[in-house]
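Asks: Starting off with a structure, shown below.
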Amino acid sequence: GENVEQHPSTLSVQEGDSAVIKCTYSDSASNYFPWYKQELGKRPQLIIDIRSNVGEKKDQRIAVTLNKTAKHFSLHITETQPEDSAVYFCAARGVHKLVFGAGTILRVKS
Amino acid sequence: NAGVTQTPKFRVLKTGQSMTLLCAQDMNHEYMYWYRQDPGMGLRLIHYSVGEGTTAKGEVPDGYNVSRLKKQNFLLGLESAAPSQTSVYFCASSYNWGDEQYFGPGTRLTVT
């Protein structure tokens, strides 16, 4: 089955800097890769996703890149702000379900 | 439009007790999921359903049962609670298996 690894487990950046979170997956048949943000004590919410027919997708300050050959995808956050502090989860679509990475705690220091 | 709701929000059980967590969605979604979230382990799938009357095992199904008698509801049961089942439980739903999953607010369960 699908296996997703996520790095780093924690990331601290200064406000205004960029943050990058990387994930690798094992199943070459996976074709949908969402990213979820979870603020403290709240539910995970989708922030961006990418399908395998594109290599990059951008939405304002966040972007996701996908390298299908290497089986890895990354989340890029530019001009980080304190409200970006949260746990971020990547996921890859398996059969009938999503497989999530273990999460990255992002802290933005002001 | 309430989205995905979960009942209860908090619960404390003693070892060996049983309970049922209720998930409800009003988005007419076919797919529903139960996850548990533990520190450092992300979201692990317990059971899921691809439509009314269907259920399937996920990654960590042992000790849990589920039922999907109505399309809008997905119930998670703990038959004999154990301390290892102390966790935060999230329900989610999606229109199709390749679509965005919408999560409920979570249930924090403590088993003593």
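Read-outs throughout are calculated quantities, based only on the coordinates presented, and are distinct from any laboratory measurement. As the structure is a computational prediction, the values presented were derived from the model and not from experiment. Cβ placement follows ideal geometry from the backbone for every residue including glycine, while neighbour counts extend to all protein chains displayed.
Asks: When the distances between all Cα atoms of chain A are binned every 10 Å from zero, what whole-number percent does each bin get?
Replies: Reading upward from the zero bin: 16, 50, 29, 6, 0.
Asks: Which lysines have a Cα lying under 26 Å from the Cα of B:Lys70, excluding residues fewer than 8 positions away in the same chain?
Replies: A:Lys97, B:Lys9, B:Lys57
Asks: Between the DSSP loop rule and a limit of at most 15 other Cβ atoms within 10 Å, which chymotrypsin sites (Phe, Trp or Tyr not before Pro) in segment B:47-112 are left? Working shown, then result.
Replies: Details: sites: B:Tyr48, B:Tyr64, B:Phe74, B:Tyr89, B:Phe90, B:Tyr95, B:Trp97, B:Tyr102, B:Phe103; in loops: B:Tyr95, B:Trp97.
The qualifying sites are B:Tyr95.
Asks: To make sure I understand the rule: partners must be aspartates and glutamates, Cα under 12 Å from the Cα of A:Lys68, and not fewer than 8 residues away in the same chain. Which ones qualify?
Replies: List returned: A:Asp27, A:Glu56.
Asks: If each of A:Lys58 and B:Asp62 carries a label point 7 Å out from its Cα toward its Cβ, how far apart are those two points in nm?
Replies: Each label point lies 7 Å from its Cα, and together they span 4.8 nm.
Asks: Could you work out the relative contact order of chain A? I mean the mean sequence separation of Cα pairs under 8 Å and 6+ apart, divided by the number of residues, in percent.
Replies: Across chain A, relative contact order equals 37 percent.
Asks: How high is the relative contact order of segment B:5-57? Use alpha-carbon pairs under 8 Å, at least six apart in sequence, and give a whole percent.
Replies: That works out to 25 percent.
Asks: To the nearest 0.05, how large is the calculated FRET efficiency for A:Asn67 and B:Val88 if R₀ is 30 Å and r is the Cβ-Cβ distance?
Replies: 0.40
Asks: For the pair A:Arg107/A:Gln14, report the inter-label distance in nm, with labels modelled 7 Å from Cα in the Cβ direction.
Replies: Result for the modelled spin labels: 1.6 nm.
Asks: If you don't mind, another one. Below 8 Å, C-alpha to C-alpha, sequence gap of six or more: please give me the relative contact order for chain B in percent.
Replies: The normalised contact order for chain B reaches 36 percent.
Asks: Now a separate question. Once you treat every alpha carbon in the protein assembly as shown as an equal point and sum by Debye, what is log10 I(q)/I(0) at q = 0.09, 0.11 Å⁻¹?
Replies: The calculated log intensity ratios at q = 0.09, 0.11 Å⁻¹ are -0.36, -0.54.
Asks: Follow-up question, since we're still on this one. Determine the dipole magnitude for chain A: charges of +1 sit on the beta-carbon of Lys and Arg, -1 on that of Asp and Glu, nothing else is charged, the reference point is the Cα centre, and the result goes in debye to the nearest 20.
Replies: Once rounded to the nearest 20, the dipole reads 260 debye.
Asks: Shifting gears a bit: Taking the Cα-to-Cβ direction at B:Thr20 and at A:Asp27 and moving 7 Å from each Cα, how far apart do the two end points lie in nm?
Replies: With each label point 7 Å from Cα toward Cβ, the separation is 3.1 nm.
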